[in-house]
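First the structure, in the form of C-alpha cells, and then the observations on it.
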Amino acid sequence: LVPVLAIGALLTSAPEAFADGLPWWRVPLALAVWLLCGLPFLALGLFIGYRCTSKVAVAVAQVVFFPIAFAGGMMMPPAVFPPWLNTLSLFLPSRAAHDVAVHALTGEGLHATSIPGLVAWTLLLGGLALWANRRDQGRRFR
C-alpha cells in the first residue's frame, strides 16, 4: 500500500481532497479497512494455489479475479452499472470491499449487506483455503 499511496500523493490530485475538507484521520482508518477487505481475496488466492499447480494457478487466478474485480466496482463505479450488473455485484466480495472502503474514506452511505457480505465471504473462502491446505498437506507430506 505504501507505493500506491506515495504515487497517489505525488502524481495525482488526491491531496486536493484533503483541502476540500476530508479529515486526515480517515487515511489510517482506510488503510486498516483495505487490509481487512483484502482477506477474502487472500483466502481465494490461497485456495486456488493449493488446488492448482503453479502454472495453472496463474491462469485460474486471472480468470477468477478479473471478472470479480470488474463486476464488483473496482474498475468503474457501480453507479454507472446497468441495473442487472448492479444487483449482481451486491453479492460479490469485491463490491462489499469497495463499499466498505469508500465508506471508510469518504463517509458515503454503506449498503446494508456490505459488512455482513464481506464477513461471510471471508469465512467461506477462509474455510475453503483451510480445507485445501489440510488436503494438500495430507497428500504431499506423508
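The values are calculated or read from the model by the stated rules, or taken from the named source; none is laboratory data. Not measured: the values here are computed from a predicted model. Reconstructed Cβ throughout: ideal geometry from the backbone, glycine too, with neighbour counts over all protein chains shown. Heavy atoms of the whole protein, side chains included, go into the accessibility calculation; ligands, DNA and RNA do not. Shrake-Rupley method; radii C 1.70, N 1.55, O 1.52, S 1.80 Å.
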Quiz item: Inside region 77-101, can you point out the residues that are of a type in the set (D, E, K, R) and in contact with a Leu (Cβ under 7 Å, 6 or more places away or on another chain)?
Solution: ASP99
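Check GLY73, GLY109, GLY127 and return the single one that is on the phi > 0 side of the Ramachandran plot and either exposed (fewer than 14 other Cβ atoms within 10 Å of the Cβ) or modelled with pLDDT under 95 (or both).
Only one candidate qualifies: GLY73.
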Quiz prompt | Subset tally (residues that are open to solvent by 50 Å² or more (accessible area, probe 1.4 Å) and outside any loop (DSSP other than H, G, I, E, B)) for region 112-124 | solution = 7
Exercise. Filter region 76-92 for residues that are out of contact with any helix residue (DSSP H, G or I) (no Cβ under 7 Å at 6 or more places or on another chain) and buried (at least 16 other Cβ atoms within 10 Å of the Cβ) and give the result.
Key: LEU90
Quiz item: Between residues in region 11-30 that are of a type in the set (Phe, Trp, Tyr) and residues that are part of a loop (DSSP other than H, G, I, E, B), which pairs lie under 9 Å by C-beta distance while being six or more apart or on different chains?
Solution: PHE18/TRP24
Quiz item: Going through region 15-33 one residue at a time, which ones are over 18 Å from ILE115 (Cβ atoms) and open to solvent by less than 50 Å² (accessible area, probe 1.4 Å)?
Solution: ALA17, PHE18, LEU22, PRO23, VAL27
Quiz item: Between a first residue in region 39-54 that is under 17 Å from ALA96 (Cβ atoms) and a second residue that is open to solvent by 60 Å² or more (accessible area, probe 1.4 Å) and of a type outside the set (Lys, Arg), which pairs have beta carbons less than 6 Å apart while being 6 or more apart in sequence or on different chains?
Solution: PRO40/TRP121
Self-check item: Residue satisfying all of: in region 34-81; part of a helix (DSSP H, G or I) and of a type in the set (Val, Ile, Thr); farthest from GLY117 (Cα to Cα) among these
Solution: VAL56
Quiz prompt | Cβ pairs under 8 Å, 6+ apart, first in region 64-91 and closer than 25 Å to ILE48 by Cβ and touching a residue at least 24 places away in the same chain (Cβ under 8 Å), second part of a loop (DSSP other than H, G, I, E, B) and of a type outside the set (Lys, Arg) | solution = ILE68/LEU92; ALA69/MET75; ALA71/LEU92; GLY72/LEU92; GLY73/PHE81; LEU90/HIS111; LEU90/THR113
Practice problem: Identify all residues within region 22-52 that are out of contact with any helix residue (DSSP H, G or I) (no Cβ under 9 Å at 6 or more places or on another chain) and modelled with pLDDT under 90; write none if there are none. | Solution: PRO23, TRP25, PRO28
